[in-house]
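Student: Structure in structure tokens, see below.
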Amino acid sequence: MAPTIDRIVDAHVHLWDPARTDWYPYLSGLRDLNMGDISGWARYYDQKIYFAESAKWNVRKFVHVAAATQFVAETLEKDEEARETGHPDAIIGGVALNQSVATAIDQLDAQMAAPRFRGVRPMGGSTDVVPNVDILRALQERGLVFEMIAHPEDLQDAATSLAGWSDLTVVIEHTGWPHSKEEFTVWKAGMSVLASLGANIHCKLSGLSLGLGAMSADAFRPWIEHCLEEFGVDRCFFASNLPPDGAVGTFDDLYSAYATLTAGLEAESRDKLFAANAERVYRC
């Protein structure tokens, strides 16, 4: 039986409705994400379902992460939802890197109207991993988090682009987004370079299930252990990535694996990984 976790701040959740095809066209088959069969996670997902699926665990807070094509409106809507329900506790919105810098900065400022808005991930179909310096500067000046979507082959170039931005908080999404275990060597080298940049670079321990096709402590172990070794317990935190990772297993399966992997750590370190670090990074 997995060790008990005192409290959880889930750093990556998507609340969505596939029926809203203008916001989530890929969930209804109107747009290809180039991620294979997504039918296992293309389901209606709201707070009631999320808290029901995580009911065995003491989830205190969660971070909503942008997934809508209309991501500015999504941020504002989720913030309004939080006014009524108390959740989500922080919001990662979006920024379109395939549009002008002025448009991107306007998108940041529009989302700043939401009190729970904390940062952005790239949206809009851009192939850019790291925004240009003007957008990075705008994020830094506004105290916003940059959530980076980078796969193993992108990590070293991303590290080069982020060198010197020590005042910008960066979160590497989904443990560096590996597609398969065959990428481990390339992934490992890239993550080590990113970790060496400094204390502003964090790693969100999530999303491994989809790439590895498994949800177990044994499957996750080499990836999680390398991140903890390179980033340390102060710069890592766990997340569910529900409902996408729910295509591979349940919330209980996922957090049981996380709990097993961290069973040997002291209580303070475990609390950092499961709650406190996310609270600090996302100010929630």
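Quick note: the coordinates plus some simple rules give every number you see, no bench work behind them. This is a predicted model, so every value here is computed, not measured. Neighbour counts run over all protein chains shown; Cβ positions are idealised from the backbone, glycine included.
Student: Once you list every other residue whose beta carbon is under 11 Å from the beta carbon of Phe251, what net charge do they have if Lys and Arg are +1 and Asp and Glu are -1?
Tutor: Once positives and negatives cancel, what remains is -4.
Student: Can you bin the chain into rounded, prolate or oblate? Criterion: square roots of the alpha carbon gyration tensor eigenvalues sorted a ≥ b ≥ c, rounded for a/c under 1.5, prolate for a/b above b/c, oblate for the rest.
Tutor: Rounded shape, in that the Cα axes give a/c under 1.5.
Student: Then there is this: Excluding residues on the same chain fewer than 8 positions from Lys61, give the lysines whose Cα lies under 18 Å from its Cα.
Tutor: Qualifying lysines at Cα under 18 Å: Lys48, Lys78, Lys204, Lys272.
Student: Let me ask something else about it. Averaging over every viewing direction, what projected area does the convex hull of the Cα atoms of the range 58-157 cover, in nm²?
Tutor: Computed as one quarter of the Cα hull surface, the answer is 7.1 nm².
Student: Just add up the charged neighbours of Gly93: K/R +1, D/E -1, any other residue whose Cβ is under 15 Å from the Cβ of Gly93.
Tutor: That works out to -4.
Student: Another one. Taking a ≥ b ≥ c as the square roots of the eigenvalues of the Cα gyration tensor of the range 172-278, is the shape rounded (a/c under 1.5), prolate (a/b larger than b/c) or oblate?
Tutor: oblate
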